Amino acid sequence: MSGLDNIVEEIRNQSKQEADEILKEADVFCKDYMNKIKKDVEVEVVSIEKKALADRKLYEEKTVSGMEFLERNSILRAKQQVIEQAIDKARESIAGLNDEEYFNVLEKLLRKNVQQGKICFSKKDLERIPNGFEDRVKEIVAENQGELVIDKEPANIKDGFVLVYGEIEENCTLKALFDSNIDRIKDIANKQLFG
């Protein structure tokens, strides 16, 4: 191996170590955040359950079977509302991360979706791209033998990015990612929040 090969190999090793550390930090952040949400949701669920029980007592005199039906539906709606609020908070928390953390999340997303073409960001995100991010994008693309450039023209999106490959656009905005995985996210949130 030549000296250049050794340097390239060392850079790859360091990049992998940094990526592993970032993933570990993201895992810790997500677990901590989900625990916080779980505690917040538990307080809200107790309040909702108290209201559902009070409603049950009021209507129980009229019809027990009708109330049981209403109670089940009320709790189900409340749980769905809590789950939707938790998902909205999760999406907002990702969008509200500081620049470095936010772009680390986008970098991970890019690793999963990278192809040849260009990557488009919102005006807000173009203005807050941290130093070194473009170099990391180039490294990611190089690892996948691709070619990807950051479009300097802002895309009409709120957050995340859009990958453009010729006539094909891949929507990697946070909303699109959450929406495309909403059933799986709701299942996970339901298990985390309500066991």
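For region 46-69, enumerate the residues that are modelled with pLDDT under 75 and either of a type in the set (Phe, Trp, Tyr) or within 15 Å of VAL82 (Cα to Cα) (or both).
Correct list: TYR59 only.
Checking the condition in contact (Cβ under 8 Å) with a residue 60 or more places away in the chain and surrounded by 13 or more Cβ atoms within 10 Å (Cβ to Cβ), which residue from LEU126, LEU174, LEU148 passes?
After applying the criteria, what remains is LEU174.
Do you know which residues across region 108-147 are of a type in the set (A, V, I, L, M, F, W, C), touching a helix residue (DSSP H, G or I) at 6+ places or on another chain (Cβ under 8 Å) and closer than 19 Å to ILE11 by Cβ?
Hits for region 108-147 are LEU110, VAL114, PHE133, VAL137, ILE140.
Could you say which residue among ALA78, ALA52 is open to solvent by less than 30 Å² (accessible area, probe 1.4 Å), in contact with a Ser or Thr (Cβ under 8 Å, 6 or more places away or on another chain) and of a type in the set (A, V, I, L, M, F, W, C)?
Testing whether each residue is open to solvent by less than 30 Å² (accessible area, probe 1.4 Å), in contact with a Ser or Thr (Cβ under 8 Å, 6 or more places away or on another chain) and of a type in the set (A, V, I, L, M, F, W, C) leaves just ALA52.
For region 177-193, how many residues meet the condition of being open to solvent by less than 80 Å² (accessible area, probe 1.4 Å) and among the β-branched types (Val, Ile, Thr)?
Total satisfying the criteria: 2.
Write out, first by first residue and then by second, each pair whose Cβ atoms fall under 9 Å of each other, whose residues are 6+ apart or on separate chains, and whose first residue, in region 84-111, is within 12 Å of PRO130 (Cβ to Cβ) while the second is open to solvent by less than 50 Å² (accessible area, probe 1.4 Å) and of a type in the set (S, T, N, Q).
Listed by first residue and then by second, the contacts come to LEU97/ASN104.
Does ASP179 satisfy the condition of being under 16 Å from GLU127 (Cα atoms), among the charged types (D, E, K, R) and within 14 Å of the chain's Cα centre (by Cα)?
Here the answer is no, as ASP179 does not meet what is asked.
Scan LYS79, LYS108 and give me the residue that is among the basic types (Lys, Arg), at pLDDT below 85 and closer than 30 Å to LEU193 by Cα.
LYS79
For region 92-108, state whether one or more residues are of a type outside the set (A, V, I, L, M), more than 24 Å from LYS24 (Cβ to Cβ) and surrounded by 14 or more Cβ atoms within 10 Å (Cβ to Cβ).
No, the conditions are met nowhere in region 92-108.
The values are calculated or read from the model by the stated rules, or taken from the named source; none is laboratory data. Please read these numbers as outputs of a predicted model, since none were measured by experiment. Glycine also receives a Cβ, built like all others from the backbone with ideal geometry; neighbour counts cover every protein chain displayed. Areas reflect the complete protein model, heavy atoms only, side chains present, ligands, DNA and RNA absent. Shrake-Rupley method; radii C 1.70, N 1.55, O 1.52, S 1.80 Å.
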